[in-house]
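Throughout, read-outs are computed from the coordinates displayed, never taken from laboratory work. Being a predicted model, the structure only gives us computed values, none of them experimental. Counting neighbours? That spans all protein chains shown, and the Cβs are built from the backbone with ideal geometry, glycine included.
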Amino acid sequence: MHHPKQLNRRHFLKTAALAGGAAWTLGKLPLNTLADPIQTTSQVSLTAGSDHIDIIFQALQRFKKPIAAAIGNRPILIKPNNVIGTPNGGHGDVLLSDTPVESLEAILEFLKSIGRTDVAIGETCATDPTMVAFDNCGYFGLARKYPVRFLDL
């Protein structure tokens, strides 16, 4: 009878050898002949600075025309990330996994600069009631400066 560690090691080596062989075989296949290659181009905006709002605003400004064209006359929904909704999961004042209010302010300021004010911020928080999460993140303060609506999705 074999010791369990020998079986685990043998199984691992056998699996690794099979996986390596499969990867080598796949690497030799002419996969690019199976379908036409897709060619895409992407544009990137790189900004630097110490003002979080200005950095995002400047990055969006570089794509002002295509963004405005894509939006057209449709209403806008900004969907932030609100996972915890309570600073540091209730153990401090740092929002670890939620979109900073400054990010939303920068987006709203950009939208205002292109004449768009029909904007809603909507989310469904994973752990807390959404409106509580919005309040904890400071989102409601944005309504003092922008005509924004808040939605619980």
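Can you work out the FRET efficiency for the pair residue 83 and residue 140, with r the C-beta to C-beta distance and R0 = 22 Å, to the nearest 0.05?
So, using R0 = 22 Å, E works out to roughly 0.75.
Note down the magnitude of the dipole of segment 105-153 about its Cα centre, charges +1 on Lys and Arg C-beta and -1 on Asp and Glu C-beta and zero elsewhere, to the nearest 20 debye.
280 debye
From the phi of every residue in segment 133-138, what ³J(HN,Hα) in whole Hz does the Karplus formula 6.51 cos²θ - 1.76 cosθ + 1.60 yield, where θ is phi - 60° and glycine or proline is x?
Working through the residues one at a time gives 4, 4, 5, 4, 7, x Hz.
Trypsin sites (Lys or Arg not before Pro) within segment 111-153: which are DSSP loop residues with at most 15 other Cβ atoms inside 10 Å?
Filter output for segment 111-153: 145.
Would you grab the residues whose amide H sits under 5 Å from the one on residue 151? Only those 5+ places off in sequence or on another chain, please, with H modelled 1.01 Å from N.
Distant-sequence amide H within range of residue 151: 121, 122, 123.
Taking 0.36 nm per intervening residue step and subtracting the Cα-Cα distance, what contour gain separates residue 50 from residue 114 on full extension?
Computed gain between residue 50 and residue 114 is 20.6 nm.
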